[in-house]
Ligand SMILES: [Zn+2]
């Protein structure tokens, strides 16, 4: 059962890589695995160093330079998105459902949220200006009440 699940899981990473036109090398699979397995809320944003440390914890011998290289390849392939949140170094996350971010200015914690009405409004703003919305970049800077 566990082997079956693992194969299915690895196939998923493989497919993701193929779809992006990247060969399924071990570093790419391992890094994709880390990005995908923890794609939950606040834990979904990783720096290259975070990924490097996680690989070390898993006993994988992949250098920090390789991690940077693979992340850049993933970014060019449209598999991950790079963010520069306030005061932090670059973090990466798997591109999944659209969501927005808010950053707690006191703790640096990154929260995700979704708001369909907000997207509708953004579309309208673009349309009213004679444009079609193709992407947007929105980060709320927040402080606990
Ligand atoms: Zn996010």
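Table for the structure above
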item	result
Flag for residue 122 being in contact (Cβ under 8 Å) with a residue 40 or more places away in the chain, more than 29 Å from residue 25 (Cβ to Cβ) and not assigned by TED's automatic domain parsing to the domain that holds residue 23	no
Boolean, residue 75 is within 14 Å of the ligand (Cβ to nearest atom), within 13 Å of the chain's Cα centre (by Cα), closer than 22 Å to residue 23 by Cα and not in a strand (DSSP E or B)	no
Residue 70 within 26 Å of residue 23 (Cα to Cα) and modelled with pLDDT under 85	no
Considering residues of the range 126-137 that are surrounded by 11 or more Cβ atoms within 10 Å (Cβ to Cβ) and under 30 Å from residue 108 (Cα atoms) only, the residue modelled with the highest pLDDT	133
Given (1) under 14 Å from the mean Cα position of the chain (by Cα); (2) within 13 Å of the ligand (Cβ to nearest atom), number of the condition residue 33 does not satisfy	(2)
Residue satisfying all of: in the range 70-94; without any contact (Cβ under 8 Å) to a residue 24 or more places away in the chain and surrounded by 15 or more Cβ atoms within 10 Å (Cβ to Cβ); farthest from residue 116 (Cα to Cα) among these	75
Out of 112, 96, 60, sole residue that is within 16 Å of the ligand (Cβ to nearest atom) and under 25 Å from residue 15 (Cα atoms)	96
Yes/no for residue 32 being surrounded by 11 or more Cβ atoms within 10 Å (Cβ to Cβ) and either farther than 25 Å from residue 14 by Cα or not assigned by TED's automatic domain parsing to the domain that holds residue 15 (or both)	no
Residues satisfying the stated conditions in the range 80-95, i.e. at pLDDT 80 or above, under 15 Å from residue 138 (Cβ atoms) and assigned to a loop (DSSP other than H, G, I, E, B)	84, 85
Condition met for residue 35 (in a helix (DSSP H, G or I), modelled with pLDDT under 85 and touching a strand residue (DSSP E or B) at 6+ places or on another chain (Cβ under 6 Å))	yes
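The values are calculated or read from the model by the stated rules, or taken from the named source; none is laboratory data. A quick note: this is a predicted structure, and the numbers were derived from the prediction, not measured. Quick reminder, even Gly has a Cβ in these numbers, built from the backbone with ideal geometry, and neighbours come from all protein chains shown.
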